[in-house]
Amino acid sequence: MMETPPPNNGNKWGMYPSPGSYNTEYHGAAPAQHGYNNNPPSYQYGQPIPSFNPQPNRAPIVTTQPNVMVVPQPAYKDYLGLSIMNLLLCCFPLGIIALIYSCKTVDSMRRGDMIMASSESRTSFTLNMVALGLGIVGHVAWISFVIYYYVMINKYTYSYYENNTNGG
(Lines give C-alpha, C1' and ligand atoms only; values in the text may rest on other atoms or scores of the structure.)
Protein backbone atom coordinates (compact mmCIF):
# COMPACT_ATOMS: atom_id res chain seq x y z
CA MET A 1 0.00 0.00 0.00
CA MET A 2 1.35 3.31 -0.97
CA GLU A 3 1.11 6.32 1.31
CA THR A 4 -0.11 9.54 -0.10
CA PRO A 5 1.96 12.65 0.50
CA PRO A 6 0.43 15.43 2.60
CA PRO A 7 -1.51 18.08 0.76
CA ASN A 8 0.53 20.81 -0.93
CA ASN A 9 -1.86 23.63 -0.02
CA GLY A 10 -1.03 25.25 -3.31
CA ASN A 11 2.39 26.70 -2.50
CA LYS A 12 5.96 25.84 -3.44
CA TRP A 13 6.97 25.18 0.15
CA GLY A 14 5.38 21.78 0.26
CA MET A 15 3.85 20.80 3.55
CA TYR A 16 5.22 23.81 5.44
CA PRO A 17 3.49 27.17 5.29
CA SER A 18 5.07 29.88 3.18
CA PRO A 19 7.15 32.47 5.09
CA GLY A 20 4.63 35.27 4.67
CA SER A 21 1.66 33.22 5.82
CA TYR A 22 2.49 33.32 9.51
CA ASN A 23 -0.07 35.06 11.67
CA THR A 24 1.80 37.71 13.62
CA GLU A 25 -1.18 38.35 15.87
CA TYR A 26 -1.03 34.90 17.37
CA HIS A 27 1.05 34.65 20.54
CA GLY A 28 0.69 31.00 21.39
CA ALA A 29 2.93 28.13 20.58
CA ALA A 30 3.20 27.09 16.97
CA PRO A 31 1.07 24.06 16.15
CA ALA A 32 2.98 20.96 15.19
CA GLN A 33 2.70 19.98 11.55
CA HIS A 34 2.64 16.32 10.71
CA GLY A 35 4.25 15.35 13.99
CA TYR A 36 7.20 17.71 13.70
CA ASN A 37 7.56 20.75 15.94
CA ASN A 38 10.34 22.86 14.50
CA ASN A 39 9.61 25.73 16.87
CA PRO A 40 10.14 25.00 20.54
CA PRO A 41 7.28 26.20 22.76
CA SER A 42 9.30 29.22 23.93
CA TYR A 43 9.28 30.71 20.44
CA GLN A 44 6.15 32.34 19.09
CA TYR A 45 4.73 32.91 15.70
CA GLY A 46 5.83 36.09 14.06
CA GLN A 47 9.08 36.37 15.95
CA PRO A 48 12.32 35.51 14.22
CA ILE A 49 13.52 32.09 15.20
CA PRO A 50 17.06 32.26 16.52
CA SER A 51 19.44 30.22 14.49
CA PHE A 52 20.64 27.12 16.20
CA ASN A 53 23.84 25.59 14.99
CA PRO A 54 24.46 22.25 16.71
CA GLN A 55 28.08 22.32 15.55
CA PRO A 56 30.38 25.08 16.78
CA ASN A 57 32.06 27.29 14.24
CA ARG A 58 34.77 25.28 12.61
CA ALA A 59 37.61 27.76 12.88
CA PRO A 60 41.03 26.35 12.19
CA ILE A 61 42.62 24.97 15.32
CA VAL A 62 46.12 26.22 15.84
CA THR A 63 48.20 24.44 18.40
CA THR A 64 51.33 26.07 19.68
CA GLN A 65 53.98 25.14 22.12
CA PRO A 66 53.49 26.67 25.55
CA ASN A 67 55.77 29.57 26.31
CA VAL A 68 58.61 28.42 28.46
CA MET A 69 60.55 31.06 30.29
CA VAL A 70 63.92 29.90 31.46
CA VAL A 71 64.60 31.74 34.66
CA PRO A 72 68.21 31.50 35.74
CA GLN A 73 68.45 29.65 39.02
CA PRO A 74 70.78 31.07 41.61
CA ALA A 75 73.93 29.01 41.89
CA TYR A 76 74.67 28.43 45.55
CA LYS A 77 78.26 27.93 46.60
CA ASP A 78 79.16 24.61 48.10
CA TYR A 79 82.31 25.77 49.95
CA LEU A 80 83.93 22.40 49.23
CA GLY A 81 87.51 23.74 49.11
CA LEU A 82 87.06 25.70 52.33
CA SER A 83 85.64 22.58 53.99
CA ILE A 84 88.66 20.49 52.95
CA MET A 85 91.04 23.23 54.16
CA ASN A 86 89.24 23.40 57.53
CA LEU A 87 89.27 19.62 57.75
CA LEU A 88 93.04 19.42 57.27
CA LEU A 89 94.31 22.62 58.87
CA CYS A 90 91.85 24.06 61.37
CA CYS A 91 89.23 22.01 63.17
CA PHE A 92 88.92 18.36 62.18
CA PRO A 93 85.43 17.56 63.62
CA LEU A 94 83.74 20.70 62.28
CA GLY A 95 85.62 20.28 59.00
CA ILE A 96 84.09 16.82 58.53
CA ILE A 97 80.56 18.12 59.20
CA ALA A 98 81.12 21.10 56.88
CA LEU A 99 82.41 18.72 54.18
CA ILE A 100 79.24 16.60 54.50
CA TYR A 101 77.01 19.68 54.10
CA SER A 102 79.09 20.82 51.12
CA CYS A 103 78.49 17.49 49.40
CA LYS A 104 74.77 17.68 50.24
CA THR A 105 74.65 21.16 48.64
CA VAL A 106 76.12 19.76 45.42
CA ASP A 107 73.58 16.91 45.41
CA SER A 108 70.64 19.27 46.02
CA MET A 109 71.69 21.55 43.18
CA ARG A 110 72.08 18.55 40.87
CA ARG A 111 68.52 17.44 41.76
CA GLY A 112 67.21 20.98 41.20
CA ASP A 113 66.05 21.42 44.80
CA MET A 114 67.16 25.01 45.26
CA ILE A 115 65.50 25.47 48.66
CA MET A 116 67.50 22.64 50.23
CA ALA A 117 70.63 23.75 48.36
CA SER A 118 70.27 27.22 49.86
CA SER A 119 69.81 25.86 53.37
CA GLU A 120 72.72 23.43 53.13
CA SER A 121 74.98 26.08 51.60
CA ARG A 122 74.31 28.44 54.52
CA THR A 123 74.93 25.62 57.01
CA SER A 124 78.19 24.70 55.29
CA PHE A 125 79.33 28.33 55.30
CA THR A 126 78.47 28.74 58.99
CA LEU A 127 80.30 25.55 59.97
CA ASN A 128 83.31 26.58 57.90
CA MET A 129 83.48 29.99 59.54
CA VAL A 130 83.20 28.49 63.04
CA ALA A 131 85.86 25.89 62.19
CA LEU A 132 88.11 28.61 60.75
CA GLY A 133 87.65 30.76 63.86
CA LEU A 134 88.37 27.87 66.19
CA GLY A 135 91.37 26.86 64.08
CA ILE A 136 92.86 30.35 64.15
CA VAL A 137 92.30 30.66 67.91
CA GLY A 138 93.79 27.18 68.44
CA HIS A 139 96.86 27.93 66.33
CA VAL A 140 97.45 31.29 68.01
CA ALA A 141 97.05 29.66 71.44
CA TRP A 142 99.46 26.86 70.50
CA ILE A 143 102.09 29.26 69.14
CA SER A 144 101.80 31.56 72.16
CA PHE A 145 102.08 28.55 74.51
CA VAL A 146 105.23 27.37 72.74
CA ILE A 147 106.77 30.86 72.93
CA TYR A 148 105.79 31.27 76.57
CA TYR A 149 107.13 27.84 77.49
CA TYR A 150 110.42 28.49 75.68
CA VAL A 151 110.88 31.86 77.41
CA MET A 152 110.01 30.51 80.85
CA ILE A 153 112.30 27.51 80.55
CA ASN A 154 115.22 29.63 79.40
CA LYS A 155 114.56 32.29 82.04
CA TYR A 156 115.06 29.94 84.94
CA THR A 157 117.87 27.93 83.39
CA TYR A 158 120.03 30.92 82.46
CA SER A 159 123.43 30.66 84.03
CA TYR A 160 125.50 33.67 84.86
CA TYR A 161 128.63 31.65 84.62
CA GLU A 162 128.22 30.22 81.17
CA ASN A 163 128.56 32.26 77.99
CA ASN A 164 129.04 35.51 79.89
CA THR A 165 130.05 38.20 77.42
CA ASN A 166 130.56 41.08 79.89
CA GLY A 167 134.18 40.10 80.53
CA GLY A 168 133.66 38.92 83.99
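The values are calculated or read from the model by the stated rules, or taken from the named source; none is laboratory data. Just so we're clear, the structure is a prediction, and the values are computed from it rather than from any experiment. Cβ placement follows ideal geometry from the backbone for every residue including glycine, while neighbour counts extend to all protein chains displayed. Surface areas here come from the heavy atoms of the whole protein model, side chains and all, with no ligands, DNA or RNA. Shrake-Rupley method; radii C 1.70, N 1.55, O 1.52, S 1.80 Å.
Note on Gln73 and Ile100: their simple-model spin labels are 2.4 nm apart, each label 7 Å out from Cα toward Cβ. Counting heavy atoms of the protein chains alone, Met114 has an accessible area of about 40 Å² for a 1.4 Å probe.
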